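Novice: Encoded as C-alpha cells, here's the structure I'll be asking about.
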Amino acid sequence: MAIIRNGIALTMFLTLHGALGFGSISRHAAIGAASRRHLITAFSTAEAAAASSASEKKDGPIKNDQAYANLKMEEIVSLCKRRGIIFPSSEIYNGFAGFFDYGPLGSELKRNVKDAFWKAFVHEREDVVGIDSSIIHNPTTWKSSGHLDGFSDPMVDCRETKLRYRADQLYCSPVVLEECGSTVGFVCVLEGNDEDMVKEAKAQANRLLKEKEKKGAIQPFQFKDLTQVTEEEMAQIPSPGSNKPTLTMPRDFNLMFQTNVGAMQDASSVAYLRPETAQGIFINYKNVLASSRIKLPFGIAQIGKAFRNEITPRNFIFRSREFEQMEIEYFIPPGDEDVWKPYHEKWIADSKAFLEQVGLREELMGYDVHEGDGLAHYARACTDITFKFPFGVQELMGIAARGDFDLKSHSEGSGKVLDYFDEETKEKFIPHVIEPSLGVDRLILALICSAYAEDEINGEKRSYLSFHPSIAPVKVAVLPLVKNKEPLVKAARELYEKLKKRWNVQWDQTGAIGRRYRRADEVGVPFCVTVDFETIESDGAVTVRDRDSTEQVRIPMDEVVPYLSKMIDGY
Ligand code: GAP
C-alpha cells in the first residue's frame, strides 16, 4: 500500500532521494590495494597465511546491503552498549531520556570524527579558522537570533496519559471504505519507516472496523501530520497513548534549556544553554576579524555541545537532548543568486566529500532540497544531506544560505557595527553567510550503521564494523601468537609500545588467534598485527591482517609503521 504524507506519495519521495543519491564507491578498497602494492616487500599473501596459525577463508563479498536491510535499531543499540561505544546516561538510576554517555570506544570514535572534521575544514583550508566559545552566552544573544521567540516545536498533549508528542511527528489518516467512500474514523501513528507506519495503521484500522461493526476493503492511507489537522478532525483522532481522541490541538514549545546565572534566581538571572553552536560564531565575528588576517570569503568553525529540550528524543542518539555540533559560518560578499549560489553548491559538494572520506556509504546518502514553506523566511536556500537510517531517510546535515540575517540581527541587538571593509573596493557591508551544520552524534550513528557488515569466514557468520581506518576507535590490535614464549611476547610488546605512540592500539594475547581476530572485527579494528615464531626465529617480519578482506601480508618489522601510516592516515 502506498503511503501518502501531506499529500505526497512517500514512495515517490523515497525514489526521489534514491534518484538524487550518489553513485557507489569503494574508496577504502582502492587505497588499500594501491598502498599494499607499494609496501609489501618481503612475502606473498600465501606465504603469510601459511605462517599464521589462523588462515581464514572469506566466503563471498561483504554482505553490507543485505545485512543493512535487515538491521534493526535495537541491534545497533545493543552492540553499542555491549562493546563500550555508547551507554544510556545515568543507567544505574534507570537512565535519563534523551541523554547518552560515550564509553571507551565511543569516546575514541567521537574524538576521531571531530578531529577529521577539524582537519578537513580548518587545518587543510586557508580560508577557515576555528573558535571555541562559551556554552552560555549573554541571553540577549537568543533574543537577537530569534531563538527566544521562535525556536519551538509544535507539540500535542494527551489529556488522559499526560504523554507529550511532537505534532509534526504524529501522522493521522482517515480510514475510508473502498466501496462506499465513507469515513469510518481515523488512525494515528508515530513517524517511522514506511513499512512500520503502514503496519501499525492497518492494525488500528482493523480494530476500528471491528469496533464500528464495518466490513470491506479500505482505501490507501492518506497521511498528514498533526500540525495540519482541523479541530473537527482532532476530535476524532485517537491518541497513541489512550487510543481515544484525547489529544490537544498543537501548541508551540520552546526547546531551549533555561538556567540561572549567579546567586539570584529571578527573571534577571535567566540564561540559556546554547541550542546551537552557530550563534557563538556570530557573536565572535568582530573579534575574529580584528585578530586574524583573514579576508572575505572566510569561515569560522566551531565544534561543541548543544542542548535542546526535545519533546520526543528518539531513535537513540539521532535526536537527543544533549548533543554536539560541528558548524561553520562561511562569510561571503553580499549579492544575488549569482554570488551566493556557487558558494552554497561548493559547500554541499565539500560536505558530501567529507562524509564519504570518513566512510559513509554513498548509496545511503541523498539530498533534500528545502523549498517554499520548508525554508526559513530569511534563508535563500537550504539543502540537507540525508542518510538512510534503519528507521528511515532522515536529515544528517544541513547546508543553508542564510543571507545577512544573523549578523544584521546581532548588529541591531547589540548596537555594534558588524560590517566588513573591503580594502579593494573601499566598500563597507554586512557579509552574507553559508552555514554547513552537522551533528557529531548523528554522524556517529550514520557511521556505525554504514559500517555494519556481515559475511562468512570458514563457513561461520561474522558481523563486524567496517569503519574507515581514519575514524576507527582502535586502529591496530597487536597479537602475540602465543603468550608463553618470552622472546615472542617481548618482540610483540616492543612493537605495541612503538605503535601506541602514534595511534590508539590494542594489546590482545588471550585466546585462539581466530577468536582474537573476531573480537577486533566486531569493534571495527582495521588491522591486526600478529607476531609469530617466524618473527623471532627467522624473518623478523610480522603478519598484518586486513579486517574487511581478511587478507594477510607479511611485512618486515621496521616497515610496519610506514605501512600502517599509509593505510590509516593516507600518507
Ligand atoms: N545552526 C543550524 C542548526 O542548528 P539544525 O538543523 O537545527 O540547524 C543542525 O541542526 C544539525 O545538528 C542537524 O543536521 C543534526 O545533524 C544535528 N542535530 C540537531 N538537533 C539534534 C538533536 N536533537 N540530536 C542530535 N543531533 C541534532
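Novice: Considering only C-alpha atoms, what is the centroid distance from segment 165-231 to segment 406-466, in Å?
Specialist: One Cα centre to the other: 37 Å.
Novice: Could you check what % of the DSSP bridge pairs in the chain are antiparallel, to the nearest 5?
Specialist: 85 percent
Novice: Return a whole-number percent for the relative contact order of segment 476-571, with Cα pairs under 8 Å and 6 or more residues apart as the contact set.
Specialist: 27 percent
Novice: Under a cut-off of 17 Å between alpha-carbon atoms, report the aspartates and glutamates in cross-link reach of residue 388, not counting same-chain residues fewer than 8 places apart.
Specialist: Hits, sequence-local ones excluded: 65, 74, 75, 191, 194, 195, 196, 356, 362, 363, 368, 441.
Novice: Something else now. Relative contact order, percent, of the chain when contacts are C-alpha pairs under 8 Å separated by at least 6 residues?
Specialist: Relative contact order comes out at 18 percent.
Novice: If packing is taken as the average number of other Cβ atoms within 10 Å across a peptide's residues, how do 102-110, 471-479 rank, most packed first?
Specialist: For the peptides 102-110, 471-479, the packing ranking is 471-479, 102-110.
Novice: By the scheme Lys and Arg +1, Asp and Glu -1, what is the net charge of all other residues having a beta-carbon under 9 Å from that of residue 508?
Specialist: +2
Novice: Mind giving me the FRET efficiency for residue 258 and residue 224? R0 is 51 Å, r the Cβ-Cβ distance, nearest 0.05 is fine.
Specialist: Efficiency, rounded to the nearest 0.05: 0.95.
Novice: For a 27 Å ceiling on Cα separation, which of these pairs sit above it: 114/286; 114/352; 224/341?
Specialist: 224/341
Novice: If packing is taken as the average number of other Cβ atoms within 10 Å across a peptide's residues, how do 259-267, 237-245 rank, most packed first?
Specialist: 237-245, 259-267
Novice: With equal scatterers on the alpha carbons only and no solvent term, can you work out the Debye log10 of I(q)/I(0) for segment 237-276 at 0.20, 0.21, 0.27 1/Å?
Specialist: -0.68, -0.71, -0.90
Novice: Nearest 0.05, what FRET efficiency do residue 195 and residue 115 give at R0 = 56 Å with Cβ-Cβ as r?
Specialist: Plugging the Cβ-Cβ distance into 1/(1 + (r/R0)^6) gives 0.90.
Novice: Mind sorting 73, 567 by how few other Cβ atoms lie within 10 Å of their own Cβ, fewest first?
Specialist: In order of increasing Cβ crowding within 10 Å: 73, 567.
Novice: Each label point is 7 Å from the Cα along the Cα-to-Cβ direction; what then is the distance between the points at residue 214 and residue 494, in nm?
Specialist: 8.1 nm
Novice: Per-residue counts of other Cβ atoms within 10 Å, averaged by peptide: what ranking do you get for 396-408, 425-437, highest first?
Specialist: In decreasing order of mean packing, 396-408, 425-437 become 396-408, 425-437.
Novice: Counting pairs of Cα atoms in segment 327-403, how many percent are more than 20 Å apart?
Specialist: The proportion of pairs with Cα distances above 20 Å equals 34 percent.
Novice: How high is the FRET efficiency between residue 338 and residue 426 when r is their beta carbon distance and R₀ equals 22 Å, given to the nearest 0.05?
Specialist: 0.45
Novice: So what's the Cα pair-distance distribution over segment 170-279, bin width 5 Å, in %?
Specialist: Going from the shortest bin to the longest, the percentages are 2, 10, 18, 16, 13, 8, 6, 8, 6, 5, 4, 2, 1, 0.
Novice: A further question follows. Give the average over all directions of the projected area of the C-alpha convex hull of segment 473-571, one decimal, in nm².
Specialist: Computed as one quarter of the Cα hull surface, the answer is 5.7 nm².
Novice: Relative contact order for segment 368-445 using alpha-carbon pairs under 8 Å, separation at least 6, rounded to a whole percent?
Specialist: Once divided by the residue count of segment 368-445, the mean separation gives 26 percent.
Novice: I've got another one for you. Test of understanding: what is the full-extension gain from residue 78 to residue 305, defined as 0.36 nm times their sequence separation minus their Cα-Cα distance?
Specialist: 79.2 nm
Novice: Distance in nm between label sites at residue 243 and residue 414, each 7 Å beyond Cα in the beta-carbon direction?
Specialist: 5.7 nm
Novice: Please label the shape of the chain as rounded, prolate or oblate, based on the square roots a ≥ b ≥ c of the eigenvalues of the alpha-carbon gyration tensor (a/c under 1.5 means rounded; beyond that, a/b larger than b/c means prolate, else oblate).
Specialist: Oblate, since a/c reaches 1.5 and b/c is not below a/b.
Every number here is computed from the coordinates shown, using simple stated rules; none is lab data. These numbers were taken from a predicted model, which means no experiment stands behind them. Cβ coordinates were reconstructed from backbone atoms using ideal geometry, including for glycine residues, and neighbour counts include every protein chain displayed.
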